[in-house]
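The values are calculated or read from the model by the stated rules, or taken from the named source; none is laboratory data. Please read all numbers here as calculations on a predicted model, not as lab measurements. Counting neighbours? That spans all protein chains shown, and the Cβs are built from the backbone with ideal geometry, glycine included.
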């Protein structure tokens, strides 16, 4: 390979697949990735759901279906997952873990190694650090089953053998981005916080090519 070819490889913009692209954070991930010049594919449940994701290639299908995921991930450099699940206090939630298990298999089959996945404050060892209202009211009354599935999702990723980063945002808001974002793993003195979806999108996309947080699960907050 010539020096010129090597430089082209280094500077080539990533080809990414975005899951959860029609959610509040997912839409910002798609728009930010396109603004950076990334080649973006989005897996959506229906063409109507993704009709406003201008500039992204749409693949229609179920994120829990491994064959659909193999088609979507083929030829990609990385996958960004912002899949969410509706709060369901009275029944078990399995969407996130089921989809992630299928995704890991699809990525291995298509030899795509980089996975950046959003879970949230309250997952893993960030449990109990969301502040009084979140920890004592919102989490136990509304989110307990969702976070049980997020924990299963994180465990699947951790055991996957992929080049993964799990991102746990603090409580999300829809304010403009551009604030200083802190990434924390020592949460001893952290109890509650907030961050905009726009700043989450920027941090998540930074992890597509940055190894600073590889195989770790930072909590991000303002």
- Query: Taking into account only those residues within the range 60-76 that are in contact with a strand residue (DSSP E or B) (Cβ under 9 Å, 6 or more places away or on another chain) and surrounded by 18 or more Cβ atoms within 10 Å (Cβ to Cβ), which is nearest to residue 33 (Cα to Cα)?
  - Reply: 76
- Which numbered condition residue 103 fails, given (1) in contact with a helix residue (DSSP H, G or I) (Cβ under 8 Å, 6 or more places away or on another chain); (2) surrounded by fewer than 20 Cβ atoms within 10 Å (Cβ to Cβ); (3) in contact (Cβ under 8 Å) with a residue 60 or more places away in the chain; (4) closer than 18 Å to residue 215 by Cα: (2)
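Let's see how each residue does on (1) over 18 Å from the mean Cα position of the chain (by Cα); (2) at pLDDT 95 or above; (3) not in a helix (DSSP H, G or I):
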| position | (1), (2), (3) |
| --- | --- |
| 80 | no, yes, yes |
| 115 | no, yes, yes |
| 130 | yes, yes, yes |
| 146 | no, yes, no |
- Message: Against the definition (assigned to a helix (DSSP H, G or I), closer than 22 Å to residue 135 by Cβ and either in contact with a helix residue (DSSP H, G or I) (Cβ under 8 Å, 6 or more places away or on another chain) or at pLDDT 95 or above (or both)), how does residue 96 come out, yes or no?
- Response: yes
- Item | Counted residues, the range 169-222 - those being surrounded by fewer than 21 Cβ atoms within 10 Å (Cβ to Cβ), closer than 19 Å to residue 132 by Cβ and in contact (Cβ under 8 Å) with a residue 60 or more places away in the chain | 6
- From the residues in the range 27-51 that are in contact (Cβ under 8 Å) with a residue 40 or more places away in the chain and touching a strand residue (DSSP E or B) at 6+ places or on another chain (Cβ under 6 Å), which one is surrounded by the fewest Cβ atoms within 10 Å (Cβ to Cβ)? 38
- Message: Take the conditions modelled with pLDDT of 95 or more, under 18 Å from the mean Cα position of the chain (by Cα) and at positive phi and apply them to residue 177. Does it pass?
- Response: no
- Item | the range 117-128, residues that are touching a residue at least 12 places away in the same chain (Cβ under 8 Å) and either in a strand (DSSP E or B) or in contact with a helix residue (DSSP H, G or I) (Cβ under 7 Å, 6 or more places away or on another chain) (or both) | 117, 118, 119, 120, 122, 123, 124
- Looking at (1) within 20 Å of residue 207 (Cβ to Cβ); (2) within 17 Å of the chain's Cα centre (by Cα), can you tell me which one residue 36 breaks? (2)
- Message: Of everything in the range 170-219, what is in contact with a helix residue (DSSP H, G or I) (Cβ under 7 Å, 6 or more places away or on another chain), in a strand (DSSP E or B) and farther than 15 Å from residue 125 by Cβ? Give them in sequence order.
- Response: 171, 172
